[in-house]
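Taken together, the values in this text are just the output of simple stated rules run on the coordinates, not laboratory data. Keep in mind the model is a prediction, meaning the values are calculated, not measured. Cβ placement follows ideal geometry from the backbone for every residue including glycine, while neighbour counts extend to all protein chains displayed.
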Amino acid sequence: MRKSFSLFFPVVLVASILLTADLANATRIIFNYVDPPGVGFNDATAATPVGGNRGRTIGEQRKNVFQFAARMWGRQIKSNVDITVTTGWPTLFCNAGSAVLGSSGAISIWWGFPNAARVDRNYNAALANALARYDLSPGPPDTTYGVPGNDEYLVYLNPNIGQPTCLAGSGWYYGLDHNEPAGKIDLLATCMHEFAHGLGWQAQFRTSLNDFYGAPPSIYSVYMWDNTLGMTFDNMTPAQRGVSKVNTDKLVWIGSNVTSQVPANLGPRPMLTVNSPAGIAGAYDVQTASFGPALTIAGLTGNVVLVNDGTGTPTYACSPLVNGPQVAGNIALIDRGTCTFTTKVKNAQNAGAIGAIVVNNVASGFPGMGGTDPTITIPSVGVTLATGNLIKANLATGVNATMALNPAFLAGADNSGRVLLYAPNPYASGSSLSHYDTKCTPNLLMEPSINADLHPRTTWDLTIVLMRDIGWKTRGTK
Amino acid sequence: METVFRTSRWPILCLVIGIALGLCGVVLADDNEKGAPQEQTGQPAAVPSESQPGSLNGAVAAIDDETGELRAPTAEEMKQLDEQWEKFLRSAFPNRPSQKPFIGRDGRSMGVLCGPESLEFSVATIGPDGKLRIDHVTGAEQAKEIMTNTVTSKQDDER
């Protein structure tokens with residue numbers, strides 16, 4: 001017992017000193033609260049401590065979440081210049097079925113300052129200050145434009161989430177343990193995500209003009225590589241950027257820090273491998289469905305059979321199949337259209353199919369196979385129209401295929417192992433170049449959706465390494 | 001109001017705690033839920049002074065409170081959506097930055113103030129299946145668009 005204690009104490013003491021040094025080096029993130037009394041961070045409504053958050057009012061709990069997120073980020077990034085964040089809970093746009101949860105971003109962008117890796121590229125204010133080692137825009141907040149011009153970034157959140165007229169039935173979860181009940185929104189995960197945008201995770205790209213707000217291209221865009229055009233986003237003409245910004249599955253991040261960590265953070269890619277005929281044999285990309293069982297490494301193999309539901313458009317599988325004997329034990333091939341994906345796959349399942357492939361009905365991209373049906377027990381995937389047509393053209397001679405996770409490729413990366421950036425087409429559907437692609441599996445903090453399986457408290461996945469690529473000195477780097 | 005997270009106090013505190021816990025044979029755990037020291041100073045909220053463009057266009061759908069089914073929004077709801085969006089833009093950006101480059105106070109750096117077009121927005125919607133969906137989009141106009149079109153888009157995605 002005595003020997004055990006004598007060994008333990010030095011270990012803990014050293015750990016304490018290391019932690020002390022770590023905290024001493026933490027970057028200060030200062031909040032500039034803009035809420036009026038009684039509102040937002042000043043909401044005095046009583047609250048019960050939840051998930052490690054000991055705040056006794058709604059306002060206190062909100063502050064605790066923000067400060068926790070600030071500590072997390074402050075320990076990861078290095079700057080000897082304080083980072084000031086304008087933050088508040090103004091009334092944001094919402095109705096019963098949808099709401100703006102929040103907004104965030106750099107307040108200003110800079111170039112031409114000392115110590116930048118590229119003097120001809122723009123940096124967000126927080127990173128620019130960190131590199132220059134002085135505040136490029138010192139002084140109290142300048143509210144000439146409403147947004148405090150001397151702060152580094154802003155984070156606004158919606159205080160009314162969960163109210164009857166604002167995403168009714170939902171609400172913020174203020175715990176610090178990522179243990180939000182179903183339907184609630186984890187404020188901590190949201191904060192971690194929004195802080196990343198404010199600290200530089202932004203293309204700073206003006207979509208209306210395909211430029212960078214009149215500034216030089218952003219440092220972020222230096223690492224955006226278009227596999228089709230064979231060039232980085234910053235070196236493109238505005239017309240080329242207009243094409244590249246919607247070049248789905250072709251826009252990747254080429255920063256070395258991220259790329260080196262991709263294999264450790266992404267899993268095997270779901271694919272459809274055509275085994276025969278030899279003329280079309282090979283691996284094809286797919287998009288998995290949100291329902292039914294996930295694909296496995298072993299996968300399932302069968303002959304591909306086009307469905308027939310006996311209607312005017314028989315390949316939609318919107319009605320019970322009339323060619324069940326042919327489909328049974330095989331993989332059903334279905335066309336997108338008219339009814340829900342779950343209806344299609346369920347009809348295939350009822351006919352005895354072991355899997356289903358849904359062919360897109362537009363030339364671009366994959367069918368987004370959303371929906372929920374717990375009674376569906378067969379896996380299903382979506383393929384592009386081109387892939388579907390290729391398979392159909394060979395059905396007469398028989399097509400045998402395997403639906404499986406392919407460990408030779410990574411889910412969310414290109415074939416060279418570079419992570420995809422989110423660039424859906426059409427752009428107007430809500431795209432952004434400032435996120436990783438939704439194909440990334442497991443989910444990443446900086447995908448365009450905050451998923452329930454994210455735990456930024458315990459893992460930074462590919463988040464910090466991207467900050468390192470754009471120039472941040474981070475924990476563990478000199 | 002301003003709250004400062006003072007990391008400068010934590011090194012001393014953690015060192016003391018660490019030694020104390022070490023003597024007790026207890027590993028020092030991450031104390032994430034403890035509130036950080038705070039200091040508050042006054043900072044007035046921005047006052048709207050100029051209207052911003054932001055009228056609602058395009059497909060809009062609403063969800064029936066009772067059935068959860070999609071339905072067309074009423075004229076009153078449309079008006080409300082429009083007003084809310086205008087109000088948000090006015091409060092967040094009472095004066096839209098000119099986005100013209102300016103020289104920094106060090107006399108060598110150049111800067112541009114960003115506007116609503118550059119902000120990242122988190123948008124939550126309840127889909128036809130009743131599930132919550134959260135998307136992130138760039139720009140206030142994009143956020144508005146996804147809010148006013150998502151229900152329809154989601155409906156398309158289901159087929």
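Across region A:37-54, rounded Karplus estimates of 3J(HN,Hα) from the backbone phi angles (6.51 cos²θ - 1.76 cosθ + 1.60, θ = phi - 60°) give x, x, 10, x, 5, 9, 5, 8, 4, 4, 9, 8, x, 9, x, x, 8, 8 Hz, Gly and Pro being marked x. Proximity of backbone amide H atoms, modeled 1.01 Å from N, is registered between A:Lys473 and A:Lys78 at under 5 Å, excluding neighbours fewer than 5 places apart on the same chain. Across region A:166-172, rounded Karplus estimates of 3J(HN,Hα) from the backbone phi angles (6.51 cos²θ - 1.76 cosθ + 1.60, θ = phi - 60°) give 8, 6, 3, x, 9, x, 7 Hz, Gly and Pro being marked x.
Highest mean first, how do A:321-331, A:341-351, A:116-126 rank when packing is the count of other Cβ atoms within 10 Å averaged over residues? Walk me through the numbers before you get to the answer.
Values: A:321-331: 18.3, A:341-351: 23.8, A:116-126: 21.8.
The most tightly packed comes first, giving A:341-351, A:116-126, A:321-331.
Phi angles of region A:396-406 translate, via the Karplus equation with coefficients 6.51, -1.76, 1.60 and θ = phi - 60°, into HN-Hα couplings of 4, 9, x, 10, 10, 9, 10, 9, 7, 7, 9 Hz per residue; Gly and Pro are given as x.
Peptide A:360-373 has a mean of 3 when you count, residue by residue, the C-beta atoms of other protein chains within 10 Å of its C-beta. Whose amide H sits under 5 Å from the amide H of A:Tyr173, counting only residues 5 or more places off or on another chain, with H placed in the peptide plane? Residues meeting the amide H criterion: A:Ile185, A:Asp186, A:Leu187.
Between the helical axis of A:187-198 and the longest alpha-carbon principal axis of chain A there is an angle of about 80 degrees.
Packing here is the average count of other Cβ atoms within 10 Å per residue, and on that basis the peptides A:86-93, A:259-266, highest first, run A:86-93, A:259-266. Applying a 4.7 Å Cβ-Cβ cutoff to chain A, the cysteines left without a disulfide-compatible partner are A:Cys191, A:Cys440.
If you take every residue apart from A:Ala356 with its C-beta less than 14 Å away from the C-beta of A:Ala356, what net charge results, scoring Lys and Arg +1 and Asp and Glu -1? Walk me through the numbers on the way to the answer.
Details: positive: A:Arg336, A:Lys344, A:Lys346; negative: A:Asp309, A:Asp335, A:Asp373.
Overall, the nearby charge balance is 0.
Peptides A:51-58, A:186-193 ordered by packing proxy, namely the average of other Cβ atoms within 10 Å per residue, highest first: A:186-193, A:51-58. Between A:Val322 and A:Asn308, A:Asp309, A:Gly310, the built amide H atoms are under 5 Å apart, and every one of these is 5 or more places off in sequence or on another chain.
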